[in-house]
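As structure tokens, the structure follows; a few thoughts come after it.
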Amino acid sequence: MQESIAVITIVLLITMVIIRSIQLKKLGIKAFKFGEMDRRDFIIPPFAVLLFYVIFSNIINLPRLGTELFRNESVGWIGVALCLLGLSLFLYSLISFGKSFRVGIDEDNPGSLITTGAFAISRNPIYTAFSLVLLGEFFIYPNWILLLYLIVGYWLFNRQVLLEEQSLMKIYGEEYKQYCKKVRRYL
């Protein structure tokens with residue numbers, strides 16, 4: 001059951017991004033800006049595919065990569081709770097984002113600064129949601145490869161957040177500065 005929830009979580013995250021991008025495209029908004037400001041972003045997809053393989057291989061009996069570090073059913077259920085919390089926060093973030101949702105940085109057509117909904121709790125609820133999901137996946141599959149993904153993922157999320165903050169400061173100026181004083185970067 002835990003393994004199924006781990007896979008469903010990944011599938012739902014991807015599905016939500018695709019659906020939201022399609023919805024925005026119908027409104028004439030290009031939501032997918034990934035890699036346009038920093039070409040190094042394109043090193044991420046091969047690692048994402050490997051992550052998907054590690055998770056999916058546990059449920060569809062493919063050869064497994066990495067060594068299990070521990071096995072504890074209670075920790076696995078904590079992982080399930082973290083995945084569900086991450087999914088919920090992600091969905092709430094997408095709803096809160098409205099037409100301003102982008103995958104990547106969009107300085108040309110950024111939309112309005114969102115400070116309500118999930119963004120009243122965290123300046124980066126989507127990255128917080130991804131972090132919760134990664135931690136949950138690791139608790140469900142306590143594998144050294146997923147531990148490495150967790151560490152590198154947190155580093156990459158923080159790197160992207162810092163890049164986005166620079167961009168948001170250029171776009172929104174004082175309004176963004178005041179927002180930063182009121183709301184934490186993560187939680």
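Some notes on this structure:
- Set 71, 64: member being open to solvent by 60 Å² or more (accessible area, probe 1.4 Å), modelled with pLDDT of 85 or more and either aliphatic (A, V, I, L, M) or out of contact with any Asp or Glu (no Cβ under 7 Å at 6 or more places or on another chain) (or both): 71
- The lone exception for residue 122 - which of (1) over 25 Å from residue 155 (Cβ atoms); (2) outside any helix (DSSP H, G or I) it fails: (1)
- Selected residue (only one of 113, 162 is modelled with pLDDT under 90 and surrounded by fewer than 21 Cβ atoms within 10 Å (Cβ to Cβ)): 113
- Selection from segment 165-187 of residues that are among the aliphatic types (A, V, I, L, M) and either over 25 Å from residue 76 (Cβ atoms) or open to solvent by less than 20 Å² (accessible area, probe 1.4 Å) (or both): 168, 169, 171, 183
- Test: residue in segment 119-139 that is open to solvent by less than 50 Å² (accessible area, probe 1.4 Å) and in contact with a Pro (Cβ under 9 Å, 6 or more places away or on another chain): yes
- Filtering segment 26-61 to residues that are small (Gly, Ala, Ser), at pLDDT 70 or above and either within 30 Å of residue 2 (Cβ to Cβ) or surrounded by 15 or more Cβ atoms within 10 Å (Cβ to Cβ) (or both) leaves 31, 48, 57.
- Remark: pairs (first residue in segment 72-99, within 16 Å of residue 130 (Cα to Cα); second residue charged (D, E, K, R) and at pLDDT below 95; Cβ separation under 6 Å; 6+ apart in sequence or on different chains) = 94/20.
The values are calculated or read from the model by the stated rules, or taken from the named source; none is laboratory data. Quick caveat, the model's predicted, so the values are computed rather than measured. FYI the Cβ positions are ideal-geometry reconstructions off the backbone, even for glycines, and counts take in every protein chain you see. Heavy atoms of the whole protein, side chains included, go into the accessibility calculation; ligands, DNA and RNA do not. Shrake-Rupley method; radii C 1.70, N 1.55, O 1.52, S 1.80 Å.
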